[in-house]
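Structure, as structure tokens:
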């Protein structure tokens with residue numbers, strides 16, 4: 001069974017900036033509530049207790065992933081749209097709308113840049129969708145993700161896991177994706193994700 005792809009919003013000449021700002025504003029309100037709940041939990045921790053220090057580190061990682069809730073449906077730059085429309089037409093479409101925004105709206109618009117689905121990340125996302133369909137015995141559902149620093153690997157994994165949160169069900173707990181910060185050394189954690 002192939003799952004529906006994770007939602008994105010095409011960055012094209014049909015994009016309405018005001019509609020997008022309403023989405024971003026709603027997600028920001030949801031994020032603030034969840035962020036404050038995590039802050040409350042962190043304030044209750046005992047910093048002299050080893051287990052609470054570990055919980056604090058886990059909560060900090062959760063806060064990092066929670067940021068992806070600010071851009072639940074990211075803008076997607078598709079190479080076919082760029083080929084058909086061109087950068088200049090796309091730029092003019094956005095500039096005309098952006099020029100009328102208030103300073104607060106422009107700051108809100110910047111949330112879009114937390115994560116943008118690029119063609120490379122689209123290929124990765126499509127590959128993960130295929131890997132998740134593996135059901136027969138012996139088929140591995142893990143992968144190694146590599147690439148230059150700063151290209152969006154960790155940000156993508158944070159966004160991906162924010163769409164695959166564990167659920168408590170009547171018969172079992174369903175954990176579709178496990179993301180672990182596996183240490184490269186004793187001093188530098190590196191994200192690891194298993195679907």
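Under a point spin-label approximation (7 Å from Cα along Cα-to-Cβ), what is the residue 175-residue 87 distance to one decimal in nm?
4.4 nm
Roughly how tilted is helix 153-162, in degrees to the nearest 10 and between 0 and 90, from the longest Cα axis of the chain?
80 degrees
What's the ranking of 43-50, 73-80 by average number of surrounding C-beta atoms within 10 Å, highest first?
73-80, 43-50
Quick check on packing: order 120-126, 159-165 by the mean number of other C-beta atoms within 10 Å, highest mean leading.
159-165, 120-126
How tilted is helix 17-43 with respect to the longest principal axis of the chain? Cα atoms for both, answer in degrees (0 to 90, nearest 10).
So the helix axis and the longest Cα principal axis differ by about 20 degrees.
How large is the Rg to Rh ratio of segment 1-82 when both quantities use alpha carbon positions and Rh follows Kirkwood?
Radius of gyration over Kirkwood radius for segment 1-82 works out to 1.16.
Select one label from [x] 2.95; [y] 0.93; [z] 1.18: the one whose number is Cα Rg over 2.2 N^0.38 Å as derived from the coordinates shown.
[z]
Arrange 151, 42, 117 by Cβ neighbour counts within 10 Å, fewest through most, would you?
Exposure proxy ranking, most exposed first: 151, 42, 117.
Laboratory data are not the source of any read-out in this text; all were calculated from the coordinates shown. Keep in mind it's a predicted model, so treat the numbers as computed, not measured. Reconstructed Cβ throughout: ideal geometry from the backbone, glycine too, with neighbour counts over all protein chains shown.
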